[in-house]
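Asks: Take a look at this one; I'll ask things after.
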Protein chains: 2
Amino acid sequence: MSLDHAILGFLADGDLSGYDIKTRCVDRDASHFWTADQAQVYRTLDRLESARYVTSKQKIQTGKPNRKVYRITRAGRVRLDDWLATSHALPPYRDPFLIQVYFGSELSDEALADVLERTRTQRQMRLSALRERATSHAMEVGSGADRAALMHRMTLDAAMAAERAAIDWLDDSLDTLRSLAAESGSQRQLFREDQA
Amino acid sequence: MSLDHAILGFLADGDLSGYDIKTRCVDRDASHFWTADQAQVYRTLDRLESARYVTSKQKIQTGKPNRKVYRITRAGRVRLDDWLATSHALPPYRDPFLIQVYFGSELSDEALADVLERTRTQRQMRLSALRERATSHAMEVGSGADRAALMHRMTLDAAMAAERAAIDWLDDSLDTLRSLAAESGSQRQLFREDQA
DNA sequence: CACCAATATAGGATAAAACATATATAAGGC
DNA sequence: GCCTTATATATGTTTTATCCTATATTGGTG
């Protein structure tokens with residue numbers, strides 16, 4: 001469902017082929033809030049065309065395979081605008097990493113800390129990539145930021161905020177784990193102190 | 001795949017029926033990081049049994065329908081521990097709400113602000129529910145928090161941190177939208193100042 | 001000249017998730 | 001007496017997403 005509207009959104013700004021949508025839109029512009037593989041994009045376009053939300057035209061190219069260029073219809077615009085203006089229920093939270101943490105007591109302190117640290121590295125890499133994109137976005141639009149550019153920037157900020165929050169939590173949790181390990185390391189001593 | 005390991009994790013702590021796993025574990029204990037419907041739970045248990053990661057025994061009950069109680073096998077424990085100790089790739093980011101923001105320039109300032117505000121309300125409700133759970137968790141374990149209880153608490157903290165980050169971002173974005181609306185409201189005046 | 005990357009679309013197979021329905025018993029409220 | 005809730009499991013269907021493979025052309029690299 002969501003991909004339908006994302007594609008309609010991109011087409012609202014101008015005609016595009018499936019290839020354009022996959023490489024330029026989904027993989028580049030929308031990669032920080034949505035992903036879809038090539039098959040999904042083409043099949044979604046087929047579905048949107050059957051439902052008359054988009055139309056297509058063959059563009060004959062020389063030197064390259066022909067393109068099928070899609071255009072949004074009036075019905076497509078209506079559907080997009082309706083969806084955009086609707087407040088949808090929050091999708092359920094789903095984080096496989098938190099399953100690992102929840103059952104983390106099965107592991108040793110070291111093994112668990114290792115998993116957290118690796119996750120932190122991955123999140124940090126993601127955050128760095130987002131920062132780069134935010135910087136280049138700022139360079140492109142300069143001071144004359146139009147409304148669309150501002151919205152795009154806001155989505156980057158949301159993704160960055162989420163990554164930062166995750167990283168901060170990871171740091172806190174790693175601290176907790178370390179003090180836990182230190183505590184259990186001095187267990188015997190603590191026990192003797194209790195007895196005294 | 002993740003549900004497989006979550007179920008193995010719950011079974012590692014003791015035998016459970018499909019009904020237990022759905023109502024006690026998934027819907028209550030794990031609801032802040034995973035969801036699954038009843039059909040998914042029963043079918044996953046079938047699959048885990050076929051793969052010999054769990055075994056089952058019929059328990060005859062009087063007054064209630066009979067139960068099928070599952071027990072984790074040695075192979076199941078190995079599989080669980082392997083998975084827990086492995087650092088998995090981050091799942092792709094996917095947030096339908098950010099699709100709405102990305103194409104939000106299609107909407108009026110008011111319509112967009114309304115969508116953000118409603119989302120804020122939903123997030124705030126989720127955060128409140130998480131806070132309640134964290135409080136009752138703290139009450140239950142008291143000062144004698146064992147390792148498992150600490151991990152459970154950490155997952156609640158992660159979920160709360162994510163909600164707080166989302167709410168902060170929503171507040172910032174709503175501020176931005178409001179100043180944008182104020183700016184465009186005084187557009188004519190600004191234009192005259194530019195001319196002067 | 002073989003191989004690979006880029007351009008461009010499409011379909012088969014499978015996995016994961018969501019939605020709906022069926023079946024059966026007992027307790028409690030209206 | 002009827003309806004709802006709780007207990008308990010199972011299957012059918014559809015949607016969404018992922019993975020893999022097929023097809024076809026051009027240009028560049030080794």
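Asks: Select from region B:65-75 the residues that are in contact with a Lys or Arg (Cβ under 8 Å, 6 or more places away or on another chain) and not hydrophobic (A, V, I, L, M, F, W, C) and write down the one among them that is farthest from the other protein chains (Cβ to nearest Cβ).
Replies: The qualifying residue farthest from the other protein chains (Cβ to nearest Cβ) is B:66.
Asks: Is it the case that residue A:178 is of a type outside the set (Phe, Trp, Tyr) and touching a helix residue (DSSP H, G or I) at 6+ places or on another chain (Cβ under 7 Å)?
Replies: When the stated conditions are applied, residue A:178 does not pass them.
Asks: Within region A:138-157, can you find the residues that are within 12 Å of chain B (Cβ to nearest Cβ) and either open to solvent by 50 Å² or more (accessible area, probe 1.4 Å) or over 11 Å from residue B:176 (Cβ atoms) (or both)?
Replies: Listed by number, the residues that qualify are A:145, A:146, A:147, A:148, A:149, A:152, A:153, A:155, A:156.
Asks: For region A:105-137, name all the residues that are assigned to a loop (DSSP other than H, G, I, E, B) and surrounded by fewer than 17 Cβ atoms within 10 Å (Cβ to Cβ).
Replies: Of everything in region A:105-137, just one residue is assigned to a loop (DSSP other than H, G, I, E, B) and surrounded by fewer than 17 Cβ atoms within 10 Å (Cβ to Cβ), namely A:108.
Asks: Further question: Out of all the residues in region A:31-40, is one or more touching a strand residue (DSSP E or B) at 6+ places or on another chain (Cβ under 7 Å) and either on the phi > 0 side of the Ramachandran plot or outside the structural domain of residue A:173 (by TED's automatic domain parsing) (or both)?
Replies: Within region A:31-40 (the criterion being touching a strand residue (DSSP E or B) at 6+ places or on another chain (Cβ under 7 Å) and either on the phi > 0 side of the Ramachandran plot or outside the structural domain of residue A:173 (by TED's automatic domain parsing) (or both)), the answer is no, since none of the residues qualifies.
Asks: Here is a follow-up. What are the residue pairs meeting all of these: first residue in region B:171-184, first residue without any contact (Cβ under 8 Å) to a residue 12 or more places away in the chain, second residue of a type in the set (A, V, I, L, M) and open to solvent by less than 70 Å² (accessible area, probe 1.4 Å), Cβ atoms under 8 Å, and 6 or more apart or on different chains?
Replies: Once the first residue is without any contact (Cβ under 8 Å) to a residue 12 or more places away in the chain and sits in region B:171-184, its partners that are of a type in the set (A, V, I, L, M) and open to solvent by less than 70 Å² (accessible area, probe 1.4 Å) give B:176/A:150; B:176/A:154; B:183/B:190.
Asks: Would you pick out the residues in region B:167-180 that are more than 7 Å from every other protein chain (Cβ to nearest Cβ) and either touching a Gly at 6+ places or on another chain (Cβ under 6 Å) or within 16 Å of residue B:95 (Cα to Cα) (or both)?
Replies: Across region B:167-180, the qualifying residues are B:167, B:170.
Asks: Give the residues of region B:81-128 that are at the interface with chain A (Cβ under 7 Å from one of its Cβ atoms) and touching a residue at least 60 places away in the same chain (Cβ under 8 Å), sorted by residue number.
Replies: If the condition is that a residue be at the interface with chain A (Cβ under 7 Å from one of its Cβ atoms) and touching a residue at least 60 places away in the same chain (Cβ under 8 Å), then B:84, B:101 are the ones that fit.
Asks: Restrict the check to region A:162-178 and report whether at least one residue is surrounded by 14 or more Cβ atoms within 10 Å (Cβ to Cβ) and touching a Ser or Thr at 6+ places or on another chain (Cβ under 7 Å).
Replies: yes
Asks: Does region A:62-73 contain at least one residue that is more than 15 Å from DNA strand C (Cβ to nearest atom) and over 24 Å from residue A:157 (Cα atoms)?
Replies: yes
Asks: Now a separate question. For region B:16-61: of the residues being within 14 Å of another protein chain (Cβ to nearest Cβ), within 19 Å of the chain's Cα centre (by Cα) and hydroxyl-bearing (Ser, Thr, Tyr), which is farthest from DNA strand C (Cβ to nearest atom)?
Replies: If we take residues in region B:16-61 being within 14 Å of another protein chain (Cβ to nearest Cβ), within 19 Å of the chain's Cα centre (by Cα) and hydroxyl-bearing (Ser, Thr, Tyr), then B:31 is farthest from DNA strand C (Cβ to nearest atom).
Asks: Sticking with this structure for a sec: Residue check: is residue A:26 among the β-branched types (Val, Ile, Thr), touching a Lys or Arg at 6+ places or on another chain (Cβ under 7 Å) and not assigned by TED's automatic domain parsing to the domain that holds residue A:131?
Replies: Considered against the rule, which asks whether it is among the β-branched types (Val, Ile, Thr), touching a Lys or Arg at 6+ places or on another chain (Cβ under 7 Å) and not assigned by TED's automatic domain parsing to the domain that holds residue A:131, residue A:26 comes out as no.
Asks: So which helices (runs of 4 or more DSSP H) are wholly in region B:1-96 and hold at least 3 residues that are away from DNA strand D (no atom under 16 Å from the Cβ) and buried (at least 17 other Cβ atoms within 10 Å of the Cβ)?
Replies: It comes to B:2-11, B:74-85.
The values are calculated or read from the model by the stated rules, or taken from the named source; none is laboratory data. In this text the structure is predicted, and so the values were computed from the model without any measurement. Counting neighbours? That spans all protein chains shown, and the Cβs are built from the backbone with ideal geometry, glycine included. Ligands, DNA and RNA are stripped out before the accessible areas are found, and what is left, the full protein with its side chains, is counted by its heavy atoms. Shrake-Rupley method; radii C 1.70, N 1.55, O 1.52, S 1.80 Å.
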